[in-house]
Amino acid sequence: MGGNVNGLLDGKRCLIVGVANKRSIAWAIARRLDEAGATIALTYQGERTEGDVRALAETLSRPAAAVLPLDVQDDDEMDAAVAGAADALGGIDVLVHAVAFARAEDLGGRFADTPRDGFELALDVSAFSLAGLARRCEPHMTDGGSIVTLSYLAAERAVPGYNVMGVAKSALESIVRLLAWDLGPQQIRVNALSAGPVRTLAARGIPGFSDMADKIAERTPMRRAISTDEVADAALYLCSPLSTAVTGETLHVDAGYHAMGL
Ligand code: NAD
């Protein structure tokens, strides 16, 4: 975990989408932004995770402004979650999007065999949702703002097994660049963090994840894995006044693995 960041985000109002449990990257980000002085609103996907997310929200240093249901495939829930968060926070300065899903049967095996419905589901949840949320947050970001999403190297390289999620991450990074252009005039910045492998619920759905993560850790320039706290520190940078001219960027937080060719 990085150093003392007291006050860096004083008064900032943050909507964080993608907390499922204490291992979620979004939760590490929520804690870090809270430590930096921000007020947080969280969402949860379905009743199964509501209790966990509410319990986590209570451990923040200041009470979460709101804990709201949100399935990003449901337009009405998108409307209600963003409106509810903006209402509770009194506006929005930061949106963190840390959401991805593909069916287990569409990961592993050959990408060539991905069916249309599995493709559409993965792209809808993991990529289009960023555009849908950004569009809804934009009118509430009247003092400018920062939008941060979570990507992975499979957006840029073929990672066998990651398959349709790689395509979704490519789309996500393209959406980041287009949103940066669309929202730039309002001083709303849009960036992605391309994180190295970390053991979370979503990661467990990827066949052979653990072996792959160990192999990647050995081959990074820094010869180690990364932590969710390190991703959270980079998110804090992108949400803070330290990055006011950074937009349309994909920042790798992967101990340098993306730089390697062998
Ligand atoms: P996680 O399982 O903790 O988080 C994924 C979140 O997506 C969950 O909160 C889940 O509820 C949410 N989600 C899925 N479908 C949804 C839907 N229809 N509506 C609303 N929410 C939905 O796992 P994580 O690893 O923290 O994943 C967060 C982000 O980080 C994802 O975009 C993931 O691809 C990305 N990422 C993860 C890794 C890794 O190794 N874990 C590496 C790079 C990028």
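GNM remark for the chain: springs join alpha carbons under 10 Å apart, and the peak mean-square fluctuation among Ala235, Ala131, Ala20 falls on Ala131. Other residues whose C-beta falls under 15 angstrom from the C-beta of Glu35 contribute a net charge of -1, scoring Lys and Arg +1 and Asp and Glu -1. When the chain is treated as a Gaussian network with alpha carbon springs shorter than 10 Å, the biggest mean-square fluctuation among Ser151, Ser194, Ser61 belongs to Ser61. Here the extension length gained between Arg177 and Met222 equals 13.3 nm, from 0.36 nm per residue of separation less the Cα-Cα distance. Gaussian network model of the chain, Cα springs within a sub-10 Å range: biggest mean-square fluctuation belongs to which of Thr250, Thr228, Thr49? Comparing Thr250, Thr228, Thr49 in a Gaussian network model of the chain, the most mobile one is Thr49. Applying both filters, DSSP loop and at most 12 other Cβ atoms within 10 Å, to the chymotrypsin sites (Phe, Trp or Tyr not before Pro) of segment 139-246 eliminates every site.
Could you compute the FRET efficiency for Glu120 and Asp10, with r as their C-beta to C-beta distance and R0 at 35 Å, rounded to 0.05? Don't skip to the end; give the middle numbers.
On the way: r = 42 Å, r/R0 = 1.20.
FRET efficiency, Glu120 to Asp10: 0.25.
Sorting Lys22, Lys215 from the fewest to the most surrounding beta carbons within 10 angstrom yields Lys215, Lys22. Potential lengthening of the chain between Arg157 and Arg62 amounts to 30.1 nm, from the contour at 0.36 nm per residue minus the alpha-carbon distance. The lysines whose alpha-carbon is closer than 29 Å to the alpha-carbon of Lys215, local same-chain residues fewer than 8 away aside, are Lys22, Lys169. Taking the convex hull of the alpha carbon positions in segment 41-120 and averaging its projected area over all directions gives 7.0 nm².
So if the hydrodynamic radius of segment 129-202 is defined as the Kirkwood radius over C-alpha pairs, what does Stokes-Einstein give as its diffusion coefficient at 25 °C and 0.890 mPa s, in µm² per second? Can you show the working numbers first?
Working: Rh = 13.2 Å.
Rounded, D is 186 µm²/s.
Label-to-label distance, His258 versus Asp76, with points set 7 angstrom from Cα along the beta-carbon direction: 3.9 nm.
Were the residues from Ser170 through Arg103 laid out at 0.36 nm apart, the gain over their Cα-Cα distance would be 22.3 nm. Could you give the distance between the Cα centres of segment 142-198 and segment 92-107, to the whole Å? One Cα centre to the other: 11 Å.
Dividing the C-alpha radius of gyration of the chain by 2.2 N^0.38 Å, with N its residue count, gives 0.95.
Per DSSP H run of n ≥ 4, the term is -39500 (n - 2.57); total these for the chain, divide by its residue number, and report the mean residue ellipticity at 222 nm rounded to 500 deg cm²/dmol. Before the final figure, lay out the partial values.
Details: 9 runs with 102 residues, N = 262.
Helix-only estimate at 222 nm: -12000 deg cm²/dmol.
Only the coordinates and a few stated rules stand behind these numbers; no lab work does. Note that the coordinates shown come from a computational prediction; the quantities given were computed from them, not determined experimentally. Note: ideal-geometry Cβ built from the backbone for every residue, glycine included; neighbour counts use all protein chains shown.
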